[in-house]
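Peer 1: I have a structure here, written as structure tokens, and I will follow up with some questions on it.
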Amino acid sequence: MKLAFGQAGVGARETAGSAIVLLVFLLAGCLRLQGKDLPLQELRTAEQIRLLTPEQAARRYPVRLRGVVTFFDQAHYFRFMQDDTAGIYFFLGDAPDNPPLAAGQLVELEGEVSAGEFAPIVTPSRIQILGAGTFPATKPATFEQLASGQEDSQFVEVHGIVRAVDFEKDSRYFVIEIATGGGRLTAYARKLSVAQSGDLVDSTVTVRGVCVTRFNRQRQLFGIRLLVPRPTDLVVDAAEVRDPFAVPAQPIEKLLQFTPQGPYGHWVKVVGTVIYRQDDNTLYIQDQTEGLFVETKQAGPLLVGDKVEVLGFPAKGEYTPMLQDSVFRKIASGALPEPEPINTDEALKGIYDCRLVRIEATLLDRARHSSEQFLVLQTASGFIFHAYLERKNDGTDFAYLQNGSKVAITGVCLIETGTDWSAGENWRAKSFRILMRSEADIFILKRSPWWNLQKLLWAIGILGVTALAAFTSVVVLRRRVHEQTRIIRQKLQTEAALKERYEDLFENANDMVFTNDLNGRITSINKTGEQVLQRPRDEILSKKLVEFVVEEQRAAAEQWLNQMVKRVEIPPAEWDFISGTGQRVRLEIGARVIGQEGKQVEVEGIARDVTERKRLEKEILEISNREQRRIGHDLHDGVCQQLAGVAYRIDILADQLQEKNMAESSEAERVGILINEAITQTRGVARGLFPVQLEENGLIWALEDLATHASNLFRIKCDFSCKKPFPTLEKEAALHLYYIVREAVLNAAKHGKAAQIIISLTRNGDRLVLAIQDDGSGFELSGSNHTGMGIRIMRYRARVIGATLDLKSRPGQGTQVTCVFYSAPQAARQETEDANKASNEG
């Protein structure tokens, strides 16, 4: 932006001179104030979008792309296109006017970039179908390249062997599991290039489609998929055998043995007897020499002892091979297989891995974990192992088994190799476990004796605890009697000490402490109270507290005391008291009602002399008002005038540029508009710091100006009324009254959302009543507790000029602020009161 403006300045240097330099700085500064940035460059290719970082993509660059839709399924959020550079995902909302998109269409879209949840994406605002397009050339990719995430949204080509094909009824997609170099991936296709989906299994295929990543909330990849748009994109390179079960079977022990030739990655057939079946995904079989773990998704009833043929893909297991993605068929029923009796050493050799075995051990403990329950067992050689049994909903727990029983466990032996494998006869596995099929696989050889060492120890322990408890009860009872006697004696001493301490604290407190009955008559007072009021105690007692308050505040003080007796939650109050020498003393009073046996007895109060503090607060407030007045004058008479001069020069400059038909004239006009807005805002700030109308024309004109300004600023109806003639007030009093009205109006407009505000000034005898009434939302006074800073400042300003401020509000019924003050200046009132007092004494 600075470069553009600099070039404009050079072009006009001969005609505009130093005025253009001023225009450049003013315009740049105003634009910075308005928060404007350089326009973002429009991106035209998908590769440009993919190179953006998440932070850059979040800036929402504008986009215009033209490419081919490679896959589209609105219901499953599959929306991809690709141009000559790369593929990209675009997010399209569910709007009724969306164009009918389909794979193979040539489209043009306009929109903006978004950071996406994995890679940058496009959020289009307009999509236009241009006609039929040509699918991009596929990019051969390895599993490692796909797993890196770099090929996300790209149209790629993969070679592999089909492991399994399923049809999802919910999504209506064929789900194809493909094993490729380095791993497995899942392809999704609406239609297949073969008549039966099962014909694809074990076939070598070439798959073309859009690479789609699965990612977590940390933008990290954890899975990959391939979206196949057309049946022709799934090409069978080498078809499987039509009847796969026709291939010759091989012994289980031959799986993954060395062979210099033979198929790799295709399935094999084995024959064995079922020894364990768990749900529809786990199957264990064995033949004459070895056992095998089979992973399958095929449902169907199988019983232990059935003879089956299994087709599956060989894979590395924990110790012995396993079959993955397997299918089976039952060829005969048979008797229950006999387990092989083994010992610890034979189990750890690994030769019985995945085979049905029987081992004897001693039961140490029983436990449950999730849906499994297991036994902790120990063999005769001292080796500890676990035997697991899946717990059905109506399954039997191991509660009937007793620890210490000798049992024989039947089940499938599974070894845990550990990390220290070595070739040779001396190697042993780290551990082993047994998978039991039912509770019938547990045979109790010998139950543990009923009376054993553990129960003997329990009996001795119970007898010992009983004897100890009886002895402890006697000791505790005697101690409790002595303790209660000591506590009673101590309480009597404490009460006497507390009474003496209370009297000392009461008499020597730094603040005035007093009590009065429910009628307001003082019943007790300390020495500080005598000193503050400069009266003897006999003269103070039996008199009402309000009798010592100045005349103009007695009614409010009486009301405050009545509210206190009625248990209304009210804050501390400040009143002016007349001392024995006739001087005014400002006291801050906090009080509470004292109850006895559920009845109100008297009021306890603490009063603090705040005369000096109030004088200092008043002085600080006057200093603050003077500083606001000075700053307001400086802004109004200084900054505003200078900005007005700059605006005038800018207007002249704009006219000169327009006469010469220069494009910069419009920019100069906009700068002038911004400067005029700045002048208006600065005048508003100056009016808020100090009302000029108040200083020049008095309170009436200032309040009228405030009402007009509020109506224009908040777009509400704000009226001011005053019954003339109106006396002239002190500048200090007028200033505080003005700020009270201003705070009330701002609260009503901003927080109360009022539509109408009425400001009135009326006379009531020698007092004036200033009221601000609004129709806003109002609030609950008891809940607010009068703790808002604005209300507290309004009350303080009223106290400074000797006025009283009353606030009334209820939710939904608006708010009324009433300020009652004397029309005569405070100094004149004091002189009148002194004169009346002297006349009465004379």
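The values are calculated or read from the model by the stated rules, or taken from the named source; none is laboratory data. These numbers come from a predicted model, not from an experiment. With ideal geometry, Cβ positions are generated from the backbone for all residues, glycine too; neighbour counts draw on all protein chains shown. Just the protein is used for accessible areas: all its heavy atoms, side chains included, with ligands, DNA and RNA removed. Shrake-Rupley method; radii C 1.70, N 1.55, O 1.52, S 1.80 Å.
Peer 1: Can you tell me how many residues within segment 423-481 are of a type in the set (D, E, K, R) and assigned to a helix (DSSP H, G or I)?
Peer 2: Total meeting the criteria: 6.
Peer 1: Still on this structure, I have one more. Could you tell me which residue of segment 777-798 is nearest to Ile570 (Cα to Cα), considering only residues that are at pLDDT 80 or above, under 32 Å from the mean Cα position of the chain (by Cα) and open to solvent by 40 Å² or more (accessible area, probe 1.4 Å)?
Peer 2: Glu780
Peer 1: If you scan segment 136-184, which residues turn out to be charged (D, E, K, R) and surrounded by 14 or more Cβ atoms within 10 Å (Cβ to Cβ)?
Peer 2: Across segment 136-184, the qualifying residues are Lys139, Glu151, Asp152, Glu157, Arg163, Glu177, Arg184.
Peer 1: Given the structure, is Glu558 over 24 Å from Tyr502 (Cβ atoms), touching a residue at least 24 places away in the same chain (Cβ under 8 Å) and either under 57 Å from the mean Cα position of the chain (by Cα) or open to solvent by 20 Å² or more (accessible area, probe 1.4 Å) (or both)?
Peer 2: In short, yes.
Peer 1: Give me the helices (runs of 4 or more DSSP H) completely within segment 618-714, filtered to those with at least 2 residues that are modelled with pLDDT of 75 or more and open to solvent by 40 Å² or more (accessible area, probe 1.4 Å), ordered by residue number.
Peer 2: Here the list reads 640-659, 664-689, 699-714.
Peer 1: Across segment 715-742, which residue is most open to solvent (accessible area, probe 1.4 Å) among those that are hydrophobic (A, V, I, L, M, F, W, C) and within 43 Å of the chain's Cα centre (by Cα)?
Peer 2: Result: Ile716.
Peer 1: Provide a single number: the residues in segment 188-226 that are over 21 Å from Val69 (Cα atoms), in a loop (DSSP other than H, G, I, E, B) and not polar (S, T, N, Q).
Peer 2: Qualifying residue count, segment 188-226: 6.
Peer 1: Going by what's in this entry, would Gln82 be described as open to solvent by less than 50 Å² (accessible area, probe 1.4 Å) and either polar (S, T, N, Q) or closer than 30 Å to His266 by Cβ (or both)?
Peer 2: yes
Peer 1: If I go through segment 85-101 residue by residue, how many of them are within 37 Å of the chain's Cα centre (by Cα) and farther than 17 Å from Arg44 by Cβ?
Peer 2: Final tally of qualifying residues: 9.
Peer 1: Tell me, which residue of segment 513-541 that is out of contact with any Phe, Trp or Tyr (no Cβ under 6 Å at 6 or more places or on another chain) and among the small types (Gly, Ala, Ser) is least open to solvent (accessible area, probe 1.4 Å)?
Peer 2: Result: Gly520.
Peer 1: Right, another one. What do you reckon, is Gln286 surrounded by 17 or more Cβ atoms within 10 Å (Cβ to Cβ) and in contact (Cβ under 8 Å) with a residue 40 or more places away in the chain?
Peer 2: When the stated conditions are applied, Gln286 passes them.
Peer 1: Residue pairs, Cβ under 8 Å, 6 or more apart or interchain, first in segment 748-765 and on the phi > 0 side of the Ramachandran plot, second open to solvent by less than 10 Å² (accessible area, probe 1.4 Å). List them.
Peer 2: Lys753/Gly776
Peer 1: Within the bounds of segment 353-360, is there any residue that is basic (Lys, Arg), out of contact with any strand residue (DSSP E or B) (no Cβ under 7 Å at 6 or more places or on another chain), open to solvent by 40 Å² or more (accessible area, probe 1.4 Å) and touching a residue at least 40 places away in the same chain (Cβ under 8 Å)?
Peer 2: no
Peer 1: Which ones in segment 328-349 are in contact with a Ser or Thr (Cβ under 7 Å, 6 or more places away or on another chain) and within 17 Å of Pro251 (Cα to Cα)?
Peer 2: Residue satisfying the conditions is Phe328 alone.
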